[in-house]
Amino acid sequence: MTYSTLQIDQKDQTMIVRLNRPEAMNAFTVAMSEELLGVLDDADDNDDVRAVIFTGNGRAFCAGMDLSTEGNVFGLDESISVDSPDMERNRDTGGKVMLRMFRMKKPLIAAVNGASVGVGSTMQLPMDVRIASPFAKFGFVFSQRGITLESCASWFLPRLVGVPKALEWSFKGNVFGAEEALQAGLISEIVEPDSLLDRALEIAKGFTETTSPMSIALNRQLLWRMMGASHPMDAHKLESRTMLHTSTRDGKEGVLSFLEKRPPAFADKISAGTPDCLNWDAEPPFE
């Protein structure tokens, strides 16, 4: 497939998604959001893809929404009122992409090579690992643009860095560097630019080399979704179902390979679907 805003490569079992508008510092557009949705679907459907890395071409990761476009720069229909039943058709553009990331069955890794503000920062939040070069910049700059948090950031950000830091960053709307991001837990490592992608590939390999794709998929969903659970019984109910599914499939191979002291040959494929009873591919209705 040909992309106008992305460059897609694959190394071993890892898909590399490069935001590819370097002349515009990889600024986010509606076209980019649509292409990202397609790429995420393709990655989940392809058993040869075990992890996905996101980075940017040129000197930026993503400089936020492209504010030079005509009309509503955020891709919203201004003729639809906030109280209209048609609001379903006027959903936040970035939020639709982040919700798709939330539902992913493959690990997502951000290799932040440069400036990443606005949606450039919020798009990283549903990813499982974020590493950055010393030249990376971050910023939840929405208050300085007169708008609110978007891309589901009000859900993700406080869960990653805590409510006080999320409030501080969203109130100030300032741009900050990799060291502050590291101290707050937004990123896990600062890596020299020449080694950034190699380190991301190393992390991806560590996640996928000897592991069950189904185990990864289910664990990813359990951990993300249980952050909103009100009682551990919610986790117990789901884990009882996932344990039954996995213990009768890859779990048998995992135990046998351990006893026989050999690498496992896991066969349960993501393309065949995760347990239907979990219904994790569906989103709640938009109201």
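Go through (1) farther than 23 Å from Gly173 by Cβ; (2) part of a loop (DSSP other than H, G, I, E, B) for Val52 and report which single condition fails.
Here Val52 clears every test but (2).
Using the structure shown, decide if Thr122 is closer than 20 Å to Pro284 by Cα, in contact (Cβ under 8 Å) with a residue 24 or more places away in the chain, of a type in the set (Ser, Thr, Tyr) and touching a Phe, Trp or Tyr at 6+ places or on another chain (Cβ under 8 Å). Lay out the reasoning, then the answer.
Numbers: closer than 20 Å to Pro284 by Cα: no; in contact (Cβ under 8 Å) with a residue 24 or more places away in the chain: yes; of a type in the set (Ser, Thr, Tyr): yes; touching a Phe, Trp or Tyr at 6+ places or on another chain (Cβ under 8 Å): yes.
Criteria not met by Thr122.
From Leu222, Leu218, which residue is buried (at least 19 other Cβ atoms within 10 Å of the Cβ) and outside the structural domain of Gly118 (by TED's automatic domain parsing)? Give the steps one after another, and end with the answer.
On the way: Leu222 fails: buried (at least 19 other Cβ atoms within 10 Å of the Cβ).
Testing whether each residue is buried (at least 19 other Cβ atoms within 10 Å of the Cβ) and outside the structural domain of Gly118 (by TED's automatic domain parsing) leaves just Leu218.
Leu76 passes all but one of (1) among the hydrophobic types (A, V, I, L, M, F, W, C); (2) crowded, with 21+ Cβ neighbours inside 10 Å; (3) under 19 Å from Leu36 (Cβ atoms); which number fails?
(2)
Condition first: part of a loop (DSSP other than H, G, I, E, B), assigned by TED's automatic domain parsing to the domain that holds Val52 and under 14 Å from Met65 (Cβ atoms). Can you find one or more residues in segment 95-110 that meet it?
So far as segment 95-110 goes, no, none of its residues is part of a loop (DSSP other than H, G, I, E, B), assigned by TED's automatic domain parsing to the domain that holds Val52 and under 14 Å from Met65 (Cβ atoms).
Restricting to segment 217-233, name every residue that is part of a helix (DSSP H, G or I) and touching a helix residue (DSSP H, G or I) at 6+ places or on another chain (Cβ under 7 Å). It would help to see each step written out before you state the result.
First, pick out the residues of segment 217-233 that are part of a helix (DSSP H, G or I): 217-228, 232-233.
Matches in segment 217-233: Ala217, Leu218, Leu222, Trp224, Met226, Met227.
For Ala115, state whether it is in contact (Cβ under 8 Å) with a residue 60 or more places away in the chain and buried (at least 19 other Cβ atoms within 10 Å of the Cβ).
Criteria met by Ala115.
Do we find a residue being among the aliphatic types (A, V, I, L, M), surrounded by fewer than 17 Cβ atoms within 10 Å (Cβ to Cβ) and outside any strand (DSSP E or B) anywhere in segment 135-150?
Let us first name the residues in segment 135-150 that are among the aliphatic types (A, V, I, L, M), namely 136, 141, 147, 149.
Restricting the remaining residues to those that are surrounded by fewer than 17 Cβ atoms within 10 Å (Cβ to Cβ) gives 147.
Now restrict to residues that are outside any strand (DSSP E or B): 147.
Yes: segment 135-150 contains one or more residues that are among the aliphatic types (A, V, I, L, M), surrounded by fewer than 17 Cβ atoms within 10 Å (Cβ to Cβ) and outside any strand (DSSP E or B).
Check Met87 against each of (1) more than 20 Å from Asn174 (Cα to Cα); (2) modelled with pLDDT of 95 or more; (3) surrounded by fewer than 22 Cβ atoms within 10 Å (Cβ to Cβ) and name the one condition it does not meet.
(2)
Any idea which residue in segment 8-45 is surrounded by the most Cβ atoms within 10 Å (Cβ to Cβ), counting only those that are of a type in the set (Lys, Arg) and part of a strand (DSSP E or B)? Quick ask: steps written out before the conclusion?
Residues of segment 8-45 that are of a type in the set (Lys, Arg), as a first pass: 11, 18, 21.
Restricting the remaining residues to those that are part of a strand (DSSP E or B) gives 11, 18.
Details: Lys11: 12, Arg18: 22.
Residue satisfying both the conditions and the ranking: Arg18.
Among Glu253, Glu260, which is the only one that is farther than 30 Å from Leu160 by Cβ and exposed (fewer than 12 other Cβ atoms within 10 Å of the Cβ)? Before the answer, list the steps.
Working: Glu253 fails: exposed (fewer than 12 other Cβ atoms within 10 Å of the Cβ).
When all the criteria are applied, what remains is Glu260.
Is it fair to say Leu201 is in contact (Cβ under 8 Å) with a residue 60 or more places away in the chain and either under 25 Å from the mean Cα position of the chain (by Cα) or more than 21 Å from Gly139 (Cα to Cα) (or both)? Don't jump to the end; show me each part of the working.
Numbers: in contact (Cβ under 8 Å) with a residue 60 or more places away in the chain: yes; either under 25 Å from the mean Cα position of the chain (by Cα) or more than 21 Å from Gly139 (Cα to Cα) (or both): yes.
When the stated conditions are applied, Leu201 passes them.
Among all residue pairs at least 6 apart or on different chains, which show Cβ distances below 6 Å where the first residue, located in segment 153-170, is closer than 20 Å to Met226 by Cα and exposed (fewer than 13 other Cβ atoms within 10 Å of the Cβ) and the second is at pLDDT 95 or above and of a type in the set (Phe, Trp, Tyr)?
Matching pairs, first to second residue: none at all.
The values are calculated or read from the model by the stated rules, or taken from the named source; none is laboratory data. Keep in mind the model is a prediction, meaning the values are calculated, not measured. Methodologically, a virtual Cβ is constructed for each residue, glycine included, from the backbone with ideal geometry; neighbour enumeration extends over all protein chains shown.
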